[in-house]
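A short worksheet on the structure shown next.
The values are calculated or read from the model by the stated rules, or taken from the named source; none is laboratory data. All values reported here derive from a predicted model rather than from experimental measurement. Virtual Cβ from ideal backbone geometry, glycine too; neighbours counted across all protein chains shown.
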Amino acid sequence: MAEGLLIGRKPLFNRELRVFGYLLLPWTEGRDRGWSSVLDAVLAQGVGHLTGPLEGYLQLPASVAAEHAEALAGLADIGVGVWLEHADAAFLRTVAGAAPDLGLIVRPSTPEALEGHAPRWWAVDASEARDAGWREALRGRKWLADGVDDYETAMQMQEWGAQGFAGAFFQKPERVRARAPQANAHVLKVLADAWRAESPEELAASVRSDPDLSYRLLRYINAPAFGLRARVSTIEQALALLGLVRTRRWLSLVALSALAQRKPDELVRTALVRARFGELFARRAGDAETGDDFLVGLFSVLDAMLDQPMEEAIADLPVADEVRAGLLDPKSRLGKRLAAAKALERGRWDEVLKHLDDGRALSLMETAHLYHEAIAWADAQMQALVNA
């Protein structure tokens, strides 16, 4: 990561609730060169480490884009788009002239700004889209609803013509979808039995009770991203090679993926980023290797996966008291670290260190490095899980 580059990422969903790209949220406050340093760093290294093969849109206020118009063509050359905030029609014409190949998502300043140049997407806040005037102006145009914080709002926006969504809705329990509680209950029972297991034999027996989960676990462990030299053919071999603690951990990850089959893939990716970030932060802070930070991140989306309040979702899981506290109490030690991970996701840089003020807090730059490392790890694990 280039020196001084702090960027969060926010997933952008299409109508099928698949992620087509990421909104990139840079931090500029408190630095001498501000936006200039952000643009220089992005132009120097790109954003592939944050977006993978998907589209990336750097969030810029229209005033900043006007001051750095020469950088817009450079962004287009490296395949990075721009999310413009509060742009009017006249400015859009200027941008189109300066960088005709630039991929644009534009949040218009007024409904009248929708006339003229058509960007790749228009972006309108869900609260604005409730206004009939905005909806009339958006009719027949390609637009996404931002600030969508629950599934009910996403469905309402879709009825009004939105073709894309941005917001934390996918991380929330869904109250309207019919669930498959029996299948979920069986996976959770296997997971609970695995966490209660006190010996490799007990753990192997619990995993073997679900052939599909056993198959997924072995496929995942043998994926290239896992880095094992020898092929593992049985649960017993996995236990002999990895041990009880590590096998239980990877089983939890595979079980989480199984629970999320009816949910957007990004939900699992979010859990993996949080888990890895917590683990990396604990190591850097000099904590003992308990794995609790990893589990808090991994299980932090169970409420959304099971469409239940978190307290109910983890009720039958025999996890450590500190893990339970981290999931239920944002003021607990691990709860604060989870809150920091969530702030990083939203690019709320002023909140990050506030949540990590435990006497051993890292700098914001060090924390962002760990977050970016967690993203790269999670993307690799997602590829392994897809093939599992």
Q. Could you give every pair whose Cβ atoms fall below 8 Å, whose first residue belongs to segment 218-233 and is assigned by TED's automatic domain parsing to the domain that holds residue 378, and whose second residue is assigned to a loop (DSSP other than H, G, I, E, B) and aliphatic (A, V, I, L, M), counting only separations of at least 6 or pairs across chains?
A. 218/232; 219/388; 220/388; 221/228; 221/232; 222/228; 222/232; 223/388
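Which is crowded, with 20+ Cβ neighbours inside 10 Å and either in contact with a strand residue (DSSP E or B) (Cβ under 6 Å, 6 or more places away or on another chain) or under 30 Å from residue 58 (Cα atoms) (or both), of 324, 346, 337, 284?
Answer to the selection: 337.
A quick yes/no check of all residues on (1) out of contact with any Gly (no Cβ under 8 Å at 6 or more places or on another chain); (2) under 16 Å from residue 246 (Cα atoms); (3) touching a residue at least 12 places away in the same chain (Cβ under 8 Å):
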{"site": "279", "(1), (2), (3)": "no, yes, yes"}
{"site": "283", "(1), (2), (3)": "yes, no, no"}
{"site": "291", "(1), (2), (3)": "yes, yes, yes"}
{"site": "294", "(1), (2), (3)": "no, yes, yes"}
{"site": "300", "(1), (2), (3)": "yes, no, yes"}
{"site": "309", "(1), (2), (3)": "yes, no, yes"}
{"site": "312", "(1), (2), (3)": "yes, no, no"}
{"site": "316", "(1), (2), (3)": "yes, no, yes"}
(Q) Being at pLDDT below 90 and touching a Lys or Arg at 6+ places or on another chain (Cβ under 8 Å) is the filter here; which residues of segment 361-374 pass it? (A) 362, 366
Q. If you check every pair at least six apart or on different chains, which have Cβ atoms under 9 Å apart with a residue in segment 37-55 that is within 15 Å of residue 76 (Cα to Cα) first and a residue that is among the acidic types (Asp, Glu) second?
A. 41/3; 43/77
Q | Test set (1) small (Gly, Ala, Ser); (2) surrounded by fewer than 23 Cβ atoms within 10 Å (Cβ to Cβ); (3) not in a helix (DSSP H, G or I) - residue 96 fails condition number | A | (3)
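Would it be correct to say that residue 124 is in a strand (DSSP E or B) and either in the same structural domain as residue 12 (by TED's automatic domain parsing) or farther than 17 Å from residue 57 by Cα (or both)?
Spelling it out, residue 124 is indeed in a strand (DSSP E or B) and either in the same structural domain as residue 12 (by TED's automatic domain parsing) or farther than 17 Å from residue 57 by Cα (or both).
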**Q.** Selection count, segment 217-262, where residues are of a type in the set (Lys, Arg) and crowded, with 20+ Cβ neighbours inside 10 Å
**A.** 1
**Q.** Residue in segment 181-200 that is in contact (Cβ under 8 Å) with a residue 60 or more places away in the chain and exposed (fewer than 14 other Cβ atoms within 10 Å of the Cβ) present
**A.** yes
Q: State whether the residues of segment 265-281 include one that is in a loop (DSSP other than H, G, I, E, B) and at pLDDT 90 or above.
A: no
Q: Give the residue that is nearest to the chain's Cα centre (by Cα), with candidates limited to residues of segment 30-67 that are acidic (Asp, Glu) and at pLDDT 85 or above.
A: 55
Q. Can you tell me which residues in segment 341-360 are modelled with pLDDT under 85 and touching a Ser or Thr at 6+ places or on another chain (Cβ under 8 Å)?
A. 353, 356
Q: Among the residues of segment 48-84, write down those that are in a strand (DSSP E or B), surrounded by 18 or more Cβ atoms within 10 Å (Cβ to Cβ) and of a type outside the set (Gly, Ala, Ser).
A: 55, 57, 58, 59, 60, 82, 83, 84
